[in-house]
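Before any comments, here is the structure.
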Amino acid sequence: MTSALRKLSLAAHITFSIGWIGAVAAFLVLSVAGLTSRNPDVVRGAYISMDLISRFMIIPMCFAALATGIIEAFGTPWGLFRHYWVMTKFGLTLIGTFLLRMHENAIARAARWVSGAAVTQLFAADFGPLKTELVQKSALAIVLLLGITALGIYKPWGLTAYGQRKEQQRLGIQPQAHSAIPLVVKIFYAAARLLVVATLLLHLTGHGLGGHRH
């Protein structure tokens, strides 16, 4: 890409990424309000607002950040598979997108339910687990997004084997043995896989409103 186009794509990627974090932060605040408030109007308003934020802010920002990140990777020398931090950032973004899509229906269902529920039902024990779950998962989403942001700033771990080979080809150097994958990267990838498996298990065994699964 030209310098102007690179700057434009970078600005778009940063804007959408910050918007994604901000929207999830607002969702977290509302989920805490829905969990802790004893005011039925606040509880109803919180979950209806969470549904709107999810559909019209979080999801669009999520996909826009993912798309502009891919454009940045392929349109600049960083590439998508040449650096561990880029691969990891891309993988975490895919995980975040996947988890978001998994729980989108639960959020919409909660909003529909509170719209027609009686005041006493808003504070029923059956609704408690879903309230707590939404707080926990939005808090985890914030941690995930801050981790993605940190990777983009610090750019740790160096070149992948593919990146080393490409760099040697660019410099006209005879291909050499590739360095081992850094231990921290192995641990990071193992933890990410465990997170995905654990989330899938929780999703399959979790409880929704009225005892229904999400």
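The values are calculated or read from the model by the stated rules, or taken from the named source; none is laboratory data. Everything numeric here is computed off the predicted structure, so don't read it as measured data. Glycine gets a Cβ as well: all are built from the backbone with ideal geometry, and neighbour counts include every protein chain shown.
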(request) Examine segment 48-63 for a residue that is over 19 Å from LEU94 (Cα atoms), among the β-branched types (Val, Ile, Thr) and assigned to a helix (DSSP H, G or I), and state whether such a residue exists. (result) yes
(message) Six or more apart or on different chains, Cβ atoms under 7 Å: show the pairs whose first residue is in segment 84-102 and closer than 13 Å to LEU144 by Cα and whose second is of a type in the set (S, T, N, Q).
(response) LEU99/THR199
(request) Kindly list the number of the only condition in (1) closer than 29 Å to ILE153 by Cα; (2) modelled with pLDDT of 90 or more; (3) out of contact with any Ser or Thr (no Cβ under 9 Å at 6 or more places or on another chain); (4) not small (Gly, Ala, Ser) that fails for PRO77. (result) (2)
(message) I'm told PHE188 meets every condition in (1) farther than 29 Å from SER17 by Cα; (2) modelled with pLDDT under 90 except one. Can you identify the failing condition by its number?
(response) (1)
(message) Given the criterion surrounded by fewer than 16 Cβ atoms within 10 Å (Cβ to Cβ) and either touching a helix residue (DSSP H, G or I) at 6+ places or on another chain (Cβ under 6 Å) or touching a residue at least 60 places away in the same chain (Cβ under 8 Å) (or both), identify the matching residue among ARG44, ARG38.
(response) ARG38
(message) With of a type in the set (Phe, Trp, Tyr), surrounded by fewer than 18 Cβ atoms within 10 Å (Cβ to Cβ) and modelled with pLDDT under 90 as the only criterion, which of PHE63, PHE98 stands out?
(response) PHE98
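Would you mind finding the one in VAL86, VAL24, VAL43 that is among the β-branched types (Val, Ile, Thr), assigned to a helix (DSSP H, G or I) and more than 30 Å from PRO156 (Cα to Cα)?
Details: VAL86 fails: more than 30 Å from PRO156 (Cα to Cα); VAL24 fails: more than 30 Å from PRO156 (Cα to Cα).
Within the list VAL86, VAL24, VAL43, the selection yields VAL43.
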(request) Would you check which residues across segment 147-162 are within 10 Å of TYR84 (Cα to Cα) and within 19 Å of the chain's Cα centre (by Cα) and list them? (result) LEU151, LYS155
(message) Just to be sure I understand the filter: pairs with C-beta atoms under 8 Å, separated by 6 or more residues or on different chains, first member in segment 153-176 and of a type in the set (Phe, Trp, Tyr), second member surrounded by 13 or more Cβ atoms within 10 Å (Cβ to Cβ) and in a helix (DSSP H, G or I). Which pairs pass?
(response) TYR154/TRP85; TRP157/TYR84; TRP157/TRP85; TRP157/THR88; TRP157/VAL185
(message) Considering only residues that are farther than 20 Å from TRP20 by Cα and of a type in the set (Val, Ile, Thr), which ones fall in segment 74-109?
(response) THR76
(request) Being surrounded by fewer than 19 Cβ atoms within 10 Å (Cβ to Cβ), touching a helix residue (DSSP H, G or I) at 6+ places or on another chain (Cβ under 8 Å), modelled with pLDDT of 95 or more and not basic (Lys, Arg) narrows it down to one of ALA108, ALA26, so name that one. (result) ALA26
(request) Mind listing whichever residues of segment 66-95 are among the hydroxyl-bearing types (Ser, Thr, Tyr), surrounded by 15 or more Cβ atoms within 10 Å (Cβ to Cβ) and farther than 23 Å from VAL135 by Cβ? (result) THR68, TYR84, THR88
(message) Looking at (1) exposed (fewer than 14 other Cβ atoms within 10 Å of the Cβ); (2) at pLDDT below 85; (3) closer than 29 Å to VAL114 by Cα, which one does VAL143 not meet, given that it meets all the others?
(response) (2)
